[in-house]
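A.B. asks: To start, I am sharing the structure in question, which I have written as structure tokens.
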Amino acid sequence: MGARGRRKGVPISLAPSPRTLVFPVASPVTEEGWDNDAHRVTYNPTQQLVWEPLAFPRVAPDADGVWTPRPGDPEPRLATSWEGSPDARRWRLSIRPGVRSASGNELTSEDVRWGLARSLELRALGRWRLRRIGGLPGPEAISAAGRYTVDFELARPNPQFASYLVFPSNLVVDAAEARRHASDADPWAVRWLERQPAGFGAFVLAEQADGVIELRAHPGYWAGRPGLDAVVQVGVESRERAIALFERGDANAVFGLYPEELARLSGRPGVELRRVRYNHSTLEFDFRRPPFDDRRLRQAVRLALPYDRILRDVYGGYGRRSYGPVSSATLHHASALGRYETDRGEARRLVAASAYPQGVETELYIDPTPESLRFAEVARPALAAVGVQVEVRLLRPPPDTASAPMWFKNECSHAVNEAGYELGHDYDSPAGLRDPLWFRDRRWTERLKEVRGTPAGEQPRAYLEVQRELLDFAPCVHVAEVETGIAFDERLSPWGRGEECLGTRAAVWSGTRGVLGA
């Protein structure tokens, strides 16, 4: 059957083939825009096919065969190299010469300068990443030092600055083309770039309508013609519909699989199943209000959970223990800290020593996903055994769920495996990432600012210390480093299944299981 849609009377009908990648996403995703600096975009891996990055995370299977990002070692893409000063505050970027967009304009340092200045001026997610976490103070700190050279002057040391050049929110825009569509009222061409990605990537947008997005190969792509002729996203109304499309051959890949979906597709003839380290799940507390303003009670909950059973019964073995706020696949992960195990005797002692020695009655909020329901089934009796009686309730959009004493965050993806970014994402997040249940607390925003300002050589120690402090404070319980997965039809081109396809590679470090809906 393939993908079908219509735009201005032009039919779209592309069936999966070795050189045509067709994959499902939740229907609303296909209607969103392409400009991550001004709008939510279609899907991170798809963005990487049209917006070629300056650098890109490398990925590799770990000892268990789970595909994992390699921290602190991005691959040069539109940038060929970068060099920092000894204090990690001044950086020089060399741009790849001879790269041309689909419009025929050559990439220069001015495209990089204009695109990053745009990110900072539009005051969205890209600004938070570049400025607050990355250390780039403003457009004045970016200068084109030559046709293919860009200089940066950071406000503070950042030895991992190159890792902040990978984001699709900090676009490398064909500035010459974008400026043709700018105006006094819209100097950054926001309206045009939302619908017309003007990048230097391997693909260009061909059609977007009626729940279908079609990308076509860019024949002048700097790394050589892509190994796929087309990439098609098909909107679906449910996860079940997405899996069914793949099972009957109307899609040849499906991304963002839950544990039960990984198990469902495992062992099928002609299917390559790739396990992917996703990120982490946490049991969050509102530590600003009773009863979880008592640290001992939070620590008691942490010791009450049966982690081995959670890994088995909630995740079906598709996950591993999480012990702290910086994941095991991240630079400066503190493997020696926080290796707490289930200890109900100590949990009962902490409850008895808390402000609630007789125990508490409270609520546990969860998302309406099978995984979250399984977690509640395991957690509820385990908590009751130490004196924490919970009523399980479903999280609903505000204002219905405006606050909650405790809630299970069943997934949290960080995009870059670098301690400053991971900690900033969870404890110093921008307004655009937060919902009513994701709050900032001044003690941690100020503490992380202090850590990020530490001299370059002292940052490993500083990140170790702040992880120790967070584990002692226990703002949440680190439950698991969860996995997602990708299923491919083995007939799909090896290029489409491999690291050369930046969309496939991005699904390892920047994917989200929510791309198929709840």
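A.B. asks: Going by the structure shown, is TRP188 open to solvent by 20 Å² or more (accessible area, probe 1.4 Å), more than 16 Å from ALA102 (Cβ to Cβ), touching a residue at least 12 places away in the same chain (Cβ under 8 Å) and in a loop (DSSP other than H, G, I, E, B)?
C.D. replies: yes
A.B. asks: Here's another thing I want to ask about it. Return the residues of segment 394-418 that are touching a residue at least 24 places away in the same chain (Cβ under 8 Å), farther than 22 Å from ARG309 by Cα and out of contact with any Ser or Thr (no Cβ under 6 Å at 6 or more places or on another chain); say none if nothing qualifies.
C.D. replies: LEU394, PRO398, THR401, ALA402, SER403, ALA404, HIS414
A.B. asks: So, one more: Here are some residues: ALA480, ALA415. Which one is small (Gly, Ala, Ser), over 19 Å from ARG288 (Cβ atoms) and at pLDDT 95 or above?
C.D. replies: ALA480
A.B. asks: Just a yes or no: is a residue in segment 149-164 within 26 Å of the chain's Cα centre (by Cα), in contact (Cβ under 8 Å) with a residue 12 or more places away in the chain, assigned to a strand (DSSP E or B) and at negative phi?
C.D. replies: Checked against the condition, which is being within 26 Å of the chain's Cα centre (by Cα), in contact (Cβ under 8 Å) with a residue 12 or more places away in the chain, assigned to a strand (DSSP E or B) and at negative phi, segment 149-164 yields at least one hit.
A.B. asks: Restricting to strands (runs of 3 or more DSSP E) lying wholly in segment 305-423: which have 3 or more residues that are open to solvent by less than 60 Å² (accessible area, probe 1.4 Å)?
C.D. replies: Output list reads 360-366, 388-394, 406-412.
A.B. asks: Does SER94 satisfy the criteria of being touching an Asp or Glu at 6+ places or on another chain (Cβ under 9 Å) and at pLDDT 95 or above?
C.D. replies: Yes: the conditions hold for SER94.
A.B. asks: While we're looking at this one, here's another question. Hey, can you tell me all the residues within segment 452-492 that are farther than 30 Å from LEU516 by Cβ, open to solvent by less than 10 Å² (accessible area, probe 1.4 Å) and either part of a loop (DSSP other than H, G, I, E, B) or touching a Ser or Thr at 6+ places or on another chain (Cβ under 7 Å) (or both)?
C.D. replies: ALA462, ALA474
A.B. asks: What are the residues in segment 243-295 that are open to solvent by 50 Å² or more (accessible area, probe 1.4 Å) and among the polar types (S, T, N, Q), if any?
C.D. replies: SER266 - this is the single residue of segment 243-295 that is open to solvent by 50 Å² or more (accessible area, probe 1.4 Å) and among the polar types (S, T, N, Q).
A.B. asks: Looking only at segment 224-256, count every residue that is among the β-branched types (Val, Ile, Thr) and part of a helix (DSSP H, G or I) and tell me the total.
C.D. replies: 1
A.B. asks: Looking at LEU257, LEU262, LEU215, which is the one that is over 30 Å from ALA480 (Cα atoms) and touching a residue at least 60 places away in the same chain (Cβ under 8 Å)?
C.D. replies: Unique residue meeting the criteria: LEU215.
A.B. asks: Identify, please: which residue in segment 196-229 is crowded, with 19+ Cβ neighbours inside 10 Å and charged (D, E, K, R) and is, among those, modelled with the highest pLDDT?
C.D. replies: The selected residue is GLU214.
A.B. asks: Restricting to segment 257-281, name every residue that is modelled with pLDDT of 95 or more, in a strand (DSSP E or B) and aliphatic (A, V, I, L, M).
C.D. replies: Result: VAL271, LEU273.
A.B. asks: Give segment 53-83 a look and list any residue that's among the basic types (Lys, Arg), under 16 Å from LEU331 (Cα atoms) and either part of a loop (DSSP other than H, G, I, E, B) or at pLDDT below 90 (or both), or say none.
C.D. replies: ARG70
A.B. asks: Going through segment 115-153 one residue at a time, which ones are open to solvent by 10 Å² or more (accessible area, probe 1.4 Å) and either among the basic types (Lys, Arg) or closer than 18 Å to SER101 by Cβ (or both)?
C.D. replies: ARG123, ARG127, ARG129, ARG131, ARG132, ALA144, ARG147, TYR148
A.B. asks: Then there is this: Which residues, counting only those in segment 493-516, are more than 19 Å from GLY201 (Cβ to Cβ), open to solvent by 20 Å² or more (accessible area, probe 1.4 Å) and in contact with a strand residue (DSSP E or B) (Cβ under 6 Å, 6 or more places away or on another chain)?
C.D. replies: If the condition is that a residue be more than 19 Å from GLY201 (Cβ to Cβ), open to solvent by 20 Å² or more (accessible area, probe 1.4 Å) and in contact with a strand residue (DSSP E or B) (Cβ under 6 Å, 6 or more places away or on another chain), then no residue fits.
A.B. asks: Let me ask something else. Criterion first (under 27 Å from THR484 (Cβ atoms), in contact (Cβ under 8 Å) with a residue 40 or more places away in the chain and surrounded by fewer than 22 Cβ atoms within 10 Å (Cβ to Cβ)) does GLY84 satisfy it?
C.D. replies: no
A.B. asks: Between GLU363, GLU346, GLU377, GLU284, which is within 30 Å of ASN158 (Cβ to Cβ) and at pLDDT 95 or above?
C.D. replies: Among GLU363, GLU346, GLU377, GLU284, only GLU284 is within 30 Å of ASN158 (Cβ to Cβ) and at pLDDT 95 or above.
A.B. asks: Is it the case that SER429 is within 18 Å of ARG288 (Cβ to Cβ), open to solvent by less than 20 Å² (accessible area, probe 1.4 Å) and at pLDDT below 95?
C.D. replies: yes
A.B. asks: Can you tell me how many residues in segment 269-294 are closer than 21 Å to VAL234 by Cβ and either in contact with a Leu (Cβ under 7 Å, 6 or more places away or on another chain) or free of Cβ contacts under 8 Å to residues at least 40 places away in the same chain (or both)?
C.D. replies: Summing the residues that are closer than 21 Å to VAL234 by Cβ and either in contact with a Leu (Cβ under 7 Å, 6 or more places away or on another chain) or free of Cβ contacts under 8 Å to residues at least 40 places away in the same chain (or both) in segment 269-294 gives 2.
A.B. asks: Output the residues belonging to segment 259-313 that are under 30 Å from ALA60 (Cβ atoms) and among the acidic types (Asp, Glu).
C.D. replies: GLU260, GLU261, GLU272, ASP308, ASP313
A.B. asks: Would you call SER169 hydroxyl-bearing (Ser, Thr, Tyr) and open to solvent by less than 40 Å² (accessible area, probe 1.4 Å)?
C.D. replies: It is true that SER169 is hydroxyl-bearing (Ser, Thr, Tyr) and open to solvent by less than 40 Å² (accessible area, probe 1.4 Å).
The values are calculated or read from the model by the stated rules, or taken from the named source; none is laboratory data. These numbers come from a predicted model, not from an experiment. Virtual Cβ from ideal backbone geometry, glycine too; neighbours counted across all protein chains shown. Remember, those area values only see protein heavy atoms, side chains included, never the ligands or the DNA or RNA. Shrake-Rupley method; radii C 1.70, N 1.55, O 1.52, S 1.80 Å.
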